[in-house]
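Okay, so here's the structure we're looking at.
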Amino acid sequence: MEKVLEVKDLHISFDIHAGEVQAVRGVSFDLYKGETLAIVGESGCGKSVTSKALMRLLPTPPSRIKQGEILFEGKDLTKLSEKEMQEIRGAKISMIFQDPMTSLNPTMTIGNQIMEVLLKHQKLSKNEARNRAIELLQLVGIKNPELRIKQYPHQFSGGMRQRVVIAMALACNPKVLIADEPTTALDVTIQAQILELMKDIQKKMGMSIIFITHDLGVVANVADRVAVMYAGKVVEIGTVDEIFYNPKHPYTWGLLASMPSLDHKDEELYSIPGTPPDLLNPPKGDAFAPRNPYAMKIDYELEPPMFKVSDTHYAATWLLHENAPKVEPPKVVQERMRQFALSSGKKGGEFRG
Ligand SMILES: Nc1ncnc2c1ncn2[C@@H]1O[C@H](COP(=O)(O)OP(=O)(O)OP(=O)(O)O)[C@@H](O)[C@H]1O
Ligand SMILES: [Mg+2]
């Protein structure tokens, strides 16, 4: 499969008064043409910082890309000038943010905002841009687009605004769409509609999507592959099936265990004990060790490498070392794995061990 984006050993820090916040500490992943890669992990693990770095949207200072490469169309985005980046941002790589209001200008009509993006990146007449804006609103399911383009953001509902933001992000047929928690501000029904819409458009346009969320339930429905982040690192990466039916990292187990179950709606939710480490002083060894019931002595001393589970599945946990004791995921996780298997129609609800 064709790679559209390669992130290699990315390190990003923020220099603040108290010292250096090591927000991203060696993130690597590839993005393939037409796929959806989900990035999941608890608050503060570096999902937004990583994605903003791809768009070079982090202010410098206080942020600083310390190390690593972001390869796109034969160029390393970390090395481009702001002017070169402007040709890419919004045109070849675009981004949808969590809160649609932050991406829309309240004083400009929806039509003018979409046309602005089009006119900036494409050689279109004003009339052509206007027609394309109407087409885009239609594409994202907004009725009466001819009328709607003359209206302002406050005349739209939250779900409709998010559709407009998606239309703007798609205006120039980007190769990569980054969606950072695009539906968290929306209610469940609208959320599902927006996700359906994104999948639909992806099929039509063949773009690749990086989908950031802390909701693993959504991931199972929209993603092809999943990267699990913890404390500024990718600790496990694999296909959706590998992450849901054969998770290897105890942190991934914790995330799966803390998902609401499909059949016992009222049971108490599990949450991973403890809190993520302070990134001003990241611990040595495996940053998850203090919260990991399976931690061994080595976890406190040496950082685990990415161990290969399959050609597409890697996890950074010493439990995968040949000399480590064989441990099974906790019962509650095994139960979740079985539920996923059943709900996605896997035969007999079996999972690979
Ligand atoms: N401007 C900044 N100055 C200092 N630290 C920052 C800055 N922006 C982000 N950070 C730190 O970088 C780390 C990663 O933040 P990031 O926003 O990427 O988290 P996230 O995974 O997107 O979390 P959430 O799920 O809450 O959106 C956090 O520890 C955060 O405090
Ligand atoms: Mg975030």
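The values are calculated or read from the model by the stated rules, or taken from the named source; none is laboratory data. Since the structure is predicted, the reported quantities are computational estimates derived from the model, not experimental observations. Every residue, glycine as well, gets a Cβ built from its backbone with ideal geometry; the counts of neighbours run over all protein chains shown.
Scanning the range 91-135 for residues that are outside any loop (DSSP other than H, G, I, E, B), over 16 Å from Gly158 (Cα atoms) and within 26 Å of the chain's Cα centre (by Cα) yields Ile93, Ser94, Met95, Gln113, Ile114, Val117, Leu118, His121. Residues considered: Gly26, Gly44. Of these, the only one that is in the same structural domain as Met95 (by TED's automatic domain parsing) and not polar (S, T, N, Q) is Gly44. If you go through the range 4-55, how many residues are assigned to a strand (DSSP E or B), closer than 19 Å to Tyr314 by Cα and touching a residue at least 40 places away in the same chain (Cβ under 8 Å)? Summing the residues that are assigned to a strand (DSSP E or B), closer than 19 Å to Tyr314 by Cα and touching a residue at least 40 places away in the same chain (Cβ under 8 Å) in the range 4-55 gives 19. Just one residue in the set Thr107, Thr78 is of a type in the set (S, T, N, Q) and closer than 28 Å to Leu186 by Cβ; that residue is Thr107. Residues in the range 203-217 that are assigned to a helix (DSSP H, G or I) and farther than 30 Å from Ala257 by Cβ were compared, and the one that is nearest to ligand 2 (Cβ to nearest atom) is Met205.
Specify the residue that is surrounded by the most Cβ atoms within 10 Å (Cβ to Cβ); the eligible residues are those in the range 176-192 that are away from ligand 2 (no atom under 16 Å from the Cβ) and touching a residue at least 40 places away in the same chain (Cβ under 8 Å). For the range 176-192, the residue satisfying everything is Leu177.
Across the range 1-52, which residue is surrounded by the most Cβ atoms within 10 Å (Cβ to Cβ) among those that are over 26 Å from Asn221 (Cα atoms) and within 13 Å of ligand 2 (Cβ to nearest atom)? Checking each candidate, the answer is Val24. Checking each residue in the range 79-98 for being away from ligand 2 (no atom under 16 Å from the Cβ), more than 10 Å from Cys172 (Cα to Cα) and polar (S, T, N, Q) picks out Ser81, Gln86. Within the range 136-148, can one find any residue that is part of a loop (DSSP other than H, G, I, E, B), surrounded by fewer than 21 Cβ atoms within 10 Å (Cβ to Cβ), polar (S, T, N, Q) and touching a residue at least 12 places away in the same chain (Cβ under 8 Å)? Scanning the range 136-148, I find no residue that is part of a loop (DSSP other than H, G, I, E, B), surrounded by fewer than 21 Cβ atoms within 10 Å (Cβ to Cβ), polar (S, T, N, Q) and touching a residue at least 12 places away in the same chain (Cβ under 8 Å), so the answer is no.
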